[in-house]
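These notes are about the structure you will find just below.
Just so it is clear, none of the values below were taken in a lab; they were calculated from the coordinates. Just so it is clear, the structure is predicted and the values come from calculations on it, not from any experiment. Neighbour counts are summed over all protein chains in view; Cβ atoms, including those assigned to glycine, are modelled from backbone coordinates with ideal geometry.
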Amino acid sequence: AMKKVRSTYYRKISKFKRKLDHGYVYTKSIGKNYYKLVEGYGPDWIKSDTLTKGDYLVYPIVKDIRDVEVIKISDYVHGNYFLEDGVIKCTNSFYDNETYENVIKEYNELPVRGRMKFLADKYDLSISNVYHWANEGQKTRNDIHEFKNEIKVEEDFMRLLGYYLAEGSGVGDHQIRFTFNTRELSYINDVKSLLRKIFGVEPNKDIVIGSCTNVCVSSRLIMDLFRNLLGKKATEKCLPQWFLYLPLDKQKQLI
């Protein structure tokens, strides 16, 4: 650390010139007529219980380069996923057709009172699932996304991660959104292109709210990957430590 001893202000036009030795921390211009001299000592090993507000912590600049060429989705997602021959997909992202058909059949046979809760408990569903199925507002899906388990850590992937850090967020447990001003067409189109290129998925229809355009993609696998790699909400965003050692060209795309 560097221990701050005192701060003193001097007039720039004063005949008195402060003699600086190796113990000063820094000088700073304050407006037109004054400058500030912060005096102290260090850097040195200083006991933490002697540090006070205004002292400076010192840390090394990372200069090592340790490239990472690929990451595996399976290392960053948790839950019921199916991995075989280098391909990963959800096993329970959407309910199977048999469950859907049983719920519809029993819903029509049971007494009206309490049937939605009974079926929700029996098949481990939410009541809203039962309601939407019974009212034909929602059906099961067979187009569950499959992805190659390995993703190349290239400049395109790093740029997509950068977009997520800056403008991305998780919605529920199955969707991510990238929110831009509607006029930022180059960013909007770039994100869509990267999602198609890296994951082979087609983004959802844009959600426009006021002057904001939300680029959305619905996939629990992608959601889990981004959430566990970089965080879900603004207050949770972070970088894995190995990002610090990537080649500068890759870091540049992220930034």
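Annotations for the structure displayed:
- In loop segments of the range 179-209 as defined by DSSP, the trypsin sites (Lys or Arg not before Pro) with at most 15 further C-beta atoms inside 10 Å of their C-beta are Arg183, Lys205.
- Pair-distance profile P(r), taking every C-alpha pair of the range 123-234, with 5 angstrom steps and integer %: 2, 10, 19, 22, 18, 12, 9, 5, 2, 0
- Net length gained if the chain between Thr27 and Lys252 were fully extended (0.36 nm per residue, minus Cα distance): 77.9 nm
- Label-to-label distance, nm, for residues given as Arg113 and Lys53 (7 Å Cα→Cβ offset): 6.5
- Looking at the range 39-118, the GluC sites (Glu not before Pro) that sit in a DSSP loop and have at most 15 other Cβ atoms within 10 Å of their own Cβ are Glu69.
- Taking Cα centre as origin and charging only the Cβ of basic (Lys, Arg, +1) and acidic (Asp, Glu, -1) residues, the dipole magnitude of the chain rounds to 2540 debye.
- At full extension, Glu106 and Ile151 could sit 11.8 nm farther apart than now, given 0.36 nm per residue minus the alpha carbon distance.
- Mean projected area of the convex hull spanned by the Cα atoms of the chain, taken over all viewing directions: 23.3 nm².
- Contact order relative to length of the chain, as percent, for alpha carbon pairs under 8 angstrom and 6 or more apart: 18
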